[in-house]
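Asker: Questions regarding the structure given below will be posed in turn.
The values are calculated or read from the model by the stated rules, or taken from the named source; none is laboratory data. Note that the structure is a prediction, hence the values are computed from the model and not measured. Counting neighbours? That spans all protein chains shown, and the Cβs are built from the backbone with ideal geometry, glycine included. Heavy atoms of the whole protein, side chains included, go into the accessibility calculation; ligands, DNA and RNA do not. Shrake-Rupley method; radii C 1.70, N 1.55, O 1.52, S 1.80 Å.
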Amino acid sequence: MSVRRLRGITAAAIATTALITACGGGSGSGGDGKVKLALVAYSTPQAAFTEIIAAFQKTPEGKNITFTQSYGASGDQSRAVASGLKADIVEFSLETDITRLVKAGLVAEDWNSGPTKGILTKSIVVIGTRKGNPKNLRTWDDLVKPGVEVITPNPFTSGAARWNLLAGYGAKSGKGANQEAGLAYLDQLLHNVPVQDDSGRKALQTFTGGKGDALLTYENEAIFAQQNKQELEYVVPDATLLIENPVAITKDSAHPKEAAAFLKYLYSAEAQTIFAKNGYRPVVDGVNGFTWPNPPQLFTIRDIGGWDTITSEFFDPKTGKVAEIERKLGIATEK
């Protein structure tokens, strides 16, 4: 089995990019006094940000601010910013994609010192299925049955893929207590994955295009698909992983005051309600009218060792345990 992967740092720089009311040159101020901020994010929150930016621009703080937006696989986006892609605000799938920029001197070391520890949105890993769930896929064990095709992205480009795999690993290892059992499960699971796209959004498109029996995905992505009339249902496993997506301002922003104003707005009840409408679980109080399932065995990345340990042991492209499994399947793990 093989997949074509994006190669090189330039991949994220040419990711889906939208211009919102662009004015002026570069990323500075236009002749009419407006300021342009560059938002660089992972692939899935594009619809939410489009609505949030429009709402922010109606506020006194946002009336003179315009945006460029770039969306793509989380790891690729982070690497692109580290290599020079202009960004004033970054939101990624994984904390490690922010810490890469901390190490590069592009994000302040105290980026996660606020009340939410730098987390902007939350979600959980769910199992997407065909309408009516014809193969009755409800548990992690169901996904490794012979003949079941599971769609999940490549964990060496996609943050969503790492969340997906770690959800299965945590569920089958007793939250990391039996690492051998968890890794054996991942080996079985990845053998059932026929194609590994480079982002969560592309994996969703592959599944809704007719490939696969199940889709490992963010809860918000499954909700997004349903909102867009795509024939997808989803199951919440009893044991699954809490997804936490981080946000930060870059240290070299030409407009730190305006970037800080936008960051503050992202935590407002208004913006968090827009995120909730798009399927994300809010991180602040005051967001009403939504109910979220509470899996009885919900766990966090900290419960299975934390990102530093997990990234080193599992996702190092040369020595990681998941990299070893992927190479056996013919999947490239290095840029």
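Asker: Pairs, please: C-beta under 6 Å, at least 6 apart or cross-chain, first residue at positive phi and in segment 312-335, second in a loop (DSSP other than H, G, I, E, B)?
Answerer: Within 6 Å, the pairs are GLY330/MET1; GLY330/SER2.
Asker: Can you name the condition, by its number, that GLY168 falls short on among (1) open to solvent by 10 Å² or more (accessible area, probe 1.4 Å); (2) at negative phi?
Answerer: (1)
Asker: Under the condition of being under 16 Å from the mean Cα position of the chain (by Cα) and polar (S, T, N, Q), which residue from segment 70-108 is farthest from LEU166 (Cα to Cα)?
Answerer: Filtering segment 70-108 for residues that are under 16 Å from the mean Cα position of the chain (by Cα) and polar (S, T, N, Q), the one farthest from LEU166 (Cα to Cα) comes out as SER70.
Asker: Based on this model, can you work out whether GLU221 counts as crowded, with 20+ Cβ neighbours inside 10 Å, modelled with pLDDT under 95 and either farther than 18 Å from THR333 by Cα or out of contact with any helix residue (DSSP H, G or I) (no Cβ under 7 Å at 6 or more places or on another chain) (or both)? Give the derivation first.
Answerer: Values: crowded, with 20+ Cβ neighbours inside 10 Å: yes; modelled with pLDDT under 95: yes; either farther than 18 Å from THR333 by Cα or out of contact with any helix residue (DSSP H, G or I) (no Cβ under 7 Å at 6 or more places or on another chain) (or both): yes.
It is true that GLU221 is crowded, with 20+ Cβ neighbours inside 10 Å, modelled with pLDDT under 95 and either farther than 18 Å from THR333 by Cα or out of contact with any helix residue (DSSP H, G or I) (no Cβ under 7 Å at 6 or more places or on another chain) (or both).
Asker: Pull up segment 43-72, narrow it to residues that are open to solvent by 10 Å² or more (accessible area, probe 1.4 Å) and among the hydrophobic types (A, V, I, L, M, F, W, C), then point me to the one that is nearest to TYR267 (Cα to Cα).
Answerer: The residue in question is ALA55.
Asker: Which count do you get for residues in segment 293-303 that are touching a residue at least 24 places away in the same chain (Cβ under 8 Å) and more than 19 Å from the chain's Cα centre (by Cα)? Before the answer, list the steps.
Answerer: Step one: list which residues in segment 293-303 are touching a residue at least 24 places away in the same chain (Cβ under 8 Å), which gives 293, 295-301, 303.
Now drop any that are not more than 19 Å from the chain's Cα centre (by Cα), which leaves 293, 295-297, 303.
Residues flagged as touching a residue at least 24 places away in the same chain (Cβ under 8 Å) and more than 19 Å from the chain's Cα centre (by Cα) within segment 293-303 amount to 5.
Asker: Follow-up. Can you spot a residue in segment 303-311 that is touching a Gly at 6+ places or on another chain (Cβ under 6 Å), at pLDDT 95 or above and β-branched (Val, Ile, Thr)?
Answerer: So far as segment 303-311 goes, yes, one or more of its residues are touching a Gly at 6+ places or on another chain (Cβ under 6 Å), at pLDDT 95 or above and β-branched (Val, Ile, Thr).
Asker: Quick one: which residue in LYS131, LYS135, LYS175, LYS103 is surrounded by fewer than 20 Cβ atoms within 10 Å (Cβ to Cβ), farther than 30 Å from ALA276 by Cβ and in contact (Cβ under 8 Å) with a residue 40 or more places away in the chain? Write out each step before concluding.
Answerer: On the way: LYS131 fails: farther than 30 Å from ALA276 by Cβ; LYS175 fails: farther than 30 Å from ALA276 by Cβ; LYS103 fails: in contact (Cβ under 8 Å) with a residue 40 or more places away in the chain.
Just a single option satisfies the conditions, and that option is LYS135.
Asker: Among (1) more than 17 Å from ILE53 (Cα to Cα); (2) buried (at least 19 other Cβ atoms within 10 Å of the Cβ); (3) within 17 Å of the chain's Cα centre (by Cα), there is one condition GLN205 misses while meeting the rest; what is its number?
Answerer: (2)
For every residue, the table says whether it meets (1) more than 19 Å from ASP252 (Cβ to Cβ); (2) surrounded by fewer than 24 Cβ atoms within 10 Å (Cβ to Cβ).
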| residue | (1), (2) |
| --- | --- |
| VAL81 | no, no |
| LEU94 | yes, no |
| GLY114 | yes, yes |
| VAL144 | yes, yes |
| PRO153 | yes, no |
